[in-house]
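In what follows, a structure is listed as structure tokens, so that the remarks can point back to it.
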Amino acid sequence: MIGRHNSSLTQARDRLIRGDSYRDLSTICIIPTRGMIPAKIVQSWWGLMPPMNQKFVRLFVEKMEVGEAYNAGVQAVLDNPELRKWKYILTLEEDNAPPPDGLLKLYESMKKFDVVGGLYWTKGENGQPMIYGNPKEMPKNFIPQVPIPDAIQECNGLGMGFTLFKTGIFQKVPKPWFKTLQEYVPGEGARAATQDLYFFQNAAKYGFRFASDNRVRVGHWDQSTETMW
């Protein structure tokens with residue numbers, strides 16, 4: 001008996017190539033937190049499967065404004081002579097519950113893109129998908145797209161609740177990478193942006209591409225109502 005994988009060697013080989021499990025998938029997971037993470041979310045994180053026999057570490061950044069927390073986390077990675085050589089940075093937020101195979105699927109989606117995120121929605125009955133802007137539409141915008149089921153859907157921006165970045169992107173996009181904007185600029189008018197869309201707007205100027213992996217469906221936990229959106 002040669003076994004199921006050997007009997008379908010071409011199919012098994014294609015699966016390995018698609019999943020990139022034979023390549024360097026070293027990943028630092030950056031988690032900004034206010035200090036208390038709901039048990040339901042931690043339970044989800046415990047089930048998350050990292051790539052087999054690959055380097056994977058978590059870095060918590062406590063009690064900072066979210067944009068500053070991400071800046072501090074990325075800077076800590078780039079300042080470390082070992083971690084700066086790792087291939088990926090995964091952002092994970094304290095109210096997001098990814099599926100067990102979510103990270104493995106994000107690696108598969110990185111072939112054509114520099115940042116890929118799992119699909120999740122803003123909280124509430126009228127929640128919107130965090131797939132911002134269609135690159136084929138001009139002028140460029142960040143209007144939420146309608147999700148295409150199980151597609152790798154290109155976009156202009158993403159949330160950062162469960163999002164995989166190539167580490168090298170942060171060595172090309174200037175600092176600050178993340179900034180929460182709410183200001184008035186004389187001669188330009190009012191400007192407002194969350195830290196995530198601030199980053200994606202700048203990164204796009206350097207030719208980087210982004211997508212939502214709609215196979216990776218991420219829950220968005222509302223602790224006040226105990227509802228997973």
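The values are calculated or read from the model by the stated rules, or taken from the named source; none is laboratory data. Predicted, not measured: the structure shown is a model, and the values here were computed from it. Cβ atoms come from the backbone with ideal geometry, glycine included; neighbour counts cover every protein chain shown.
In the range 152-181, the residues that are without any contact (Cβ under 8 Å) to a residue 40 or more places away in the chain form Cβ pairs under 9 Å with partners that are aromatic (Phe, Trp, Tyr), at six or more places apart or across chains, as follows: Lys172/Tyr206; Lys172/Phe208; Val173/Phe199; Val173/Tyr206; Val173/Phe208; Leu181/Tyr198. The residue that is nearest to the chain's Cα centre (by Cα), among those in the range 144-183 that are at pLDDT 95 or above and among the polar types (S, T, N, Q), is Thr163.
Would it be correct to say that Arg84 is modelled with pLDDT under 95 and out of contact with any strand residue (DSSP E or B) (no Cβ under 8 Å at 6 or more places or on another chain)?
Numbers: modelled with pLDDT under 95: no; out of contact with any strand residue (DSSP E or B) (no Cβ under 8 Å at 6 or more places or on another chain): yes.
Taking the combined requirement at face value, the residue does not satisfy it.
So if I check each of Leu59, Leu103, which one is buried (at least 20 other Cβ atoms within 10 Å of the Cβ), at pLDDT 95 or above and not aromatic (Phe, Trp, Tyr)? Explain how you work it out, then say what you get.
Values: Leu59 fails: buried (at least 20 other Cβ atoms within 10 Å of the Cβ).
Exactly one residue qualifies, and that residue is Leu103.
Do you know which of the residues in the range 193-228 that are of a type in the set (D, E, K, R) and within 14 Å of the chain's Cα centre (by Cα) is surrounded by the fewest Cβ atoms within 10 Å (Cβ to Cβ)? Across the range 193-228, the extreme among qualifying residues is Arg209.
The one condition from (1) in contact with a Leu (Cβ under 6 Å, 6 or more places away or on another chain); (2) loosely packed, with under 12 Cβ neighbours inside 10 Å that Val77 does not meet is (2). When the range 104-119 is filtered for residues that are touching a helix residue (DSSP H, G or I) at 6+ places or on another chain (Cβ under 9 Å) and within 15 Å of Gly161 (Cα to Cα), the ones remaining, listed by number, are Val115, Val116, Gly117, Gly118.
Residue pairs whose Cβ atoms lie under 6 Å apart, separated by 6 or more positions or on different chains, with the first residue in the range 97-120 and assigned to a loop (DSSP other than H, G, I, E, B) and the second among the charged types (D, E, K, R) and surrounded by fewer than 24 Cβ atoms within 10 Å (Cβ to Cβ), are Phe113/Arg209; Asp114/Lys166; Asp114/Arg209. Suppose we filter the range 48-72 for residues that are assigned to a loop (DSSP other than H, G, I, E, B), farther than 16 Å from Thr27 by Cα and free of Cβ contacts under 8 Å to residues at least 40 places away in the same chain; how many remain? Here the count works out to 2.
As a summary of the residue check, Trp45 satisfies the conditions (1) within 16 Å of the chain's Cα centre (by Cα); (2) in a loop (DSSP other than H, G, I, E, B) except for the one numbered (2).
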